[in-house]
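Read the structure below first, then the notes.
The values are calculated or read from the model by the stated rules, or taken from the named source; none is laboratory data. Because the structure is predicted, anything quoted here is derived from the model rather than measured. For neighbour counting, all protein chains shown are included, and Cβ atoms are generated from backbone atoms with ideal geometry for every residue, glycine included.
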Number of protein chains: 2
Amino acid sequence: MSQTAVAPKAARGPLNGVDTPNLFATIDVVRNNPPLAKFQFRATNTWVSGTYGRGTIETFSGAGSEHVHARTFVLEADHPAVLVGEDRAPLPVEYMLYGLAACITGGIANIAAARGVQLSEVEATVEGDMDLRGILGLSNEVRNGYQAIRASFRIKGDAPEEKLRQIVEQARARSAVYDILTNAVPVSIGITVG
Amino acid sequence: MSQTAVAPKAARGPLNGVDTPNLFATIDVVRNNPPLAKFQFRATNTWVSGTYGRGTIETFSGAGSEHVHARTFVLEADHPAVLVGEDRAPLPVEYMLYGLAACITGGIANIAAARGVQLSEVEATVEGDMDLRGILGLSNEVRNGYQAIRASFRIKGDAPEEKLRQIVEQARARSAVYDILTNAVPVSIGITVG
């Protein structure tokens, strides 16, 4: 058995572009000080015209303090022509699919690194089915959102098939976005006029 | 009472950058042919390094055919340094908040146009609370995703306060993303190795 194989997890070096020692150290810090686990994420959107708007993702809080992202991320959303928009940006519901793809992909990289598996490829494709009679107000039996979402992950790395499958499964089991989609989140809406 | 005020809905001209006649015509077409309401949206993500990946939003189906967006939208996601990433792009969970902001904002513009209300400003801010002990695997009592989301909308337009509030309320009631977040969506995960 090689030296690497018997080394404790915490002694593993960076892998897959993941700073694995820092990842393990972060988990230990939070284990010993649970209030550091409390995070708040934020996004804005400013209406421009029609269904088109532009917003920013700039700050968040967590690990006991306020943070500013390395740069201000600008996002835009619109509807395509067939939905009476000008197709200047993705649909809001497409962002929901991308969030799932990205959350599980990032989790796969972290978990593979933690398990000493070098990845060579991860590809995610996600599709969601929607019946627009909901949002168009044509049916009260049809829900507004996705009726079903299917995500597919193709993974390649230096581990047996079963181990690679388990990495994807663990990424799903610990995915924030998978939980957000498959379990209800309480959402409150505030309105200010003027 | 002005001519505009007594005109039937369908005779209303474009407003707020919304092609209102086209919007009403689209709703009528779907009302008369419900299978046209079936849409499928799609997103991909390709792992690059660490928690960083890049994907595209390019095609969708609906209204009885396949569609290609006006251009290929490229999205990226990453984790910030405090979460052991390099902060090259928004977090996947931040996309979920932006999707909610954008979905309700677009709905407000459409509904205001349908009701003959000229908007001058709509601003959305959304925040979500997360306890990272879930995704870090430190607690089985703490959920992985958001524990709560709060969205605030500031709206200005040429209508009484109560009418503006009702527009936001109707946008919430018919929001695809609000439904996705507040009600469970069935999500299936496929895995291909190699």
**Asked** Conditions: (1) surrounded by 24 or more Cβ atoms within 10 Å (Cβ to Cβ); (2) over 18 Å from the mean Cα position of the chain (by Cα); (3) aliphatic (A, V, I, L, M). B:LEU91 meets all but one. Number of the miss?
**Response** (2)
**Prompt:** If you take the residues in the stretch A:165-179 that are under 16 Å from B:ASN140 (Cα atoms) and within 7 Å of chain B (Cβ to nearest Cβ), which one is surrounded by the most Cβ atoms within 10 Å (Cβ to Cβ)?
**Reply:** A:SER175
**Prompt:** Pick from B:GLY194, B:GLY128: which is at pLDDT below 95, over 22 Å from A:MET130 (Cβ atoms) and within 7 Å of chain A (Cβ to nearest Cβ)?
**Reply:** B:GLY194
**Prompt:** Which one is farthest from B:PRO35 (Cα to Cα), of the residues in the stretch B:60-85 that are within 7 Å of chain A (Cβ to nearest Cβ) and without any contact (Cβ under 8 Å) to a residue 24 or more places away in the chain?
**Reply:** B:VAL82
**Boolean, B:ARG88 is assigned to a loop (DSSP other than H, G, I, E, B) and either more than 7 Å from chain A (Cβ to nearest Cβ) or not charged (D, E, K, R) (or both)** = yes
**Request:** Name the single residue, out of those in the stretch B:35-81 being touching a helix residue (DSSP H, G or I) at 6+ places or on another chain (Cβ under 8 Å) and part of a helix (DSSP H, G or I), that is surrounded by the fewest Cβ atoms within 10 Å (Cβ to Cβ).
**Result:** B:LEU36
**Item:** The lone exception for B:THR26 - which of (1) within 7 Å of chain A (Cβ to nearest Cβ); (2) under 21 Å from A:ASP131 (Cβ atoms); (3) within 19 Å of the chain's Cα centre (by Cα); (4) part of a helix (DSSP H, G or I) it fails
**Value:** (3)
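Collect the residues in the stretch B:112-163 that are farther than 17 Å from B:LEU83 by Cα and among the polar types (S, T, N, Q), keeping them in residue-number order.
Within the stretch B:112-163, B:GLN118, B:SER120, B:THR125, B:SER139, B:ASN140, B:GLN147, B:SER152 qualify.
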**Prompt:** When only residues in the stretch B:132-161 that are without any contact (Cβ under 8 Å) to a residue 40 or more places away in the chain and within 24 Å of the chain's Cα centre (by Cα) count, which is farthest from the other protein chains (Cβ to nearest Cβ)?
**Reply:** B:GLN147
**Item:** Residues that are surrounded by fewer than 22 Cβ atoms within 10 Å (Cβ to Cβ) and within 28 Å of A:ILE104 (Cα to Cα), drawn from the stretch B:94-130
**Value:** B:THR125, B:GLU127, B:ASP129
